[in-house]
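Undergrad: Have a look at the structure that comes next, please.
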Amino acid sequence: AAAALTVSVAAEGRAANLFELNFWLSGPRYDAVVPLCEESWPLLQIQQAFAEKERRFWNSELTIVGFERVHEVKFMPWASGTIPRRFCTGRVLTSDGKARTINYSVAESTGFAGASSGVEWCVVGLDRNWAYNPACKMARP
């Protein structure tokens, strides 16, 4: 057994054969199919994630009760071949009666396991962990 191990370790390296190549990993193929800013799917995702974040991490019952003046800021603002993203902004009405600015992006294939679009968002004044500081600037293009 020791001799076989020595021979296998000392054997020369060889190139991968046709079946060992990663030929199926040819890179991203995006279709630039991204939900619009005003569609219900991204807004519902934001509403649910906001309520969960407030409840779980900040012990707060604050929720988003409505959206207004939602519009697109930019679509695919970066170089060709990057993940297609739609950057949006608008106003949210929170359960404490205040209207606040929201910046968010919807990106292709960035949801769970890359199977759907993903949403990143920031409500100005409620970025308590400073993930998009200053004033949610990092959530914009």
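Undergrad: Taking the condition in a strand (DSSP E or B), of a type in the set (A, V, I, L, M) and within 23 Å of D31 (Cβ to Cβ), does V106 pass?
TA: Spelling it out, V106 is indeed in a strand (DSSP E or B), of a type in the set (A, V, I, L, M) and within 23 Å of D31 (Cβ to Cβ).
Undergrad: Take A131 and decide whether it is among the hydrophobic types (A, V, I, L, M, F, W, C), modelled with pLDDT under 95, open to solvent by less than 80 Å² (accessible area, probe 1.4 Å) and touching a helix residue (DSSP H, G or I) at 6+ places or on another chain (Cβ under 8 Å).
TA: The answer is yes for A131.
Undergrad: Just the residues that are open to solvent by less than 60 Å² (accessible area, probe 1.4 Å), closer than 19 Å to C136 by Cβ and touching a strand residue (DSSP E or B) at 6+ places or on another chain (Cβ under 8 Å), please, taken from the stretch 48-84.
TA: A49, F50, A51, L62, T63, I64, G66, F67, V70, P77
Undergrad: Of the conditions (1) farther than 21 Å from N133 by Cβ; (2) at pLDDT 95 or above; (3) hydrophobic (A, V, I, L, M, F, W, C); (4) open to solvent by less than 70 Å² (accessible area, probe 1.4 Å), L44 clears all except one; give me its number.
TA: (4)
Undergrad: Continuing with this model, one more query. On the basis of being without any contact (Cβ under 8 Å) to a residue 12 or more places away in the chain, out of contact with any Asp or Glu (no Cβ under 9 Å at 6 or more places or on another chain), of a type in the set (D, E, K, R) and over 16 Å from P141 (Cβ atoms), does E39 make the cut?
TA: Numbers: without any contact (Cβ under 8 Å) to a residue 12 or more places away in the chain: yes; out of contact with any Asp or Glu (no Cβ under 9 Å at 6 or more places or on another chain): yes; of a type in the set (D, E, K, R): yes; over 16 Å from P141 (Cβ atoms): yes.
Yes.
Undergrad: Please tell me if R91 is touching an Asp or Glu at 6+ places or on another chain (Cβ under 6 Å), more than 16 Å from E54 (Cα to Cα) and open to solvent by 30 Å² or more (accessible area, probe 1.4 Å).
TA: Numbers: touching an Asp or Glu at 6+ places or on another chain (Cβ under 6 Å): yes; more than 16 Å from E54 (Cα to Cα): yes; open to solvent by 30 Å² or more (accessible area, probe 1.4 Å): yes.
Judged against the criteria, R91 is a match.
The values are calculated or read from the model by the stated rules, or taken from the named source; none is laboratory data. Everything numeric in this text was worked out from a predicted model, so none of it was measured. Reconstructed Cβ throughout: ideal geometry from the backbone, glycine too, with neighbour counts over all protein chains shown. Note: accessible area is taken over every heavy atom of the protein model, side chains too, but ligands, DNA and RNA are not part of it. Shrake-Rupley method; radii C 1.70, N 1.55, O 1.52, S 1.80 Å.
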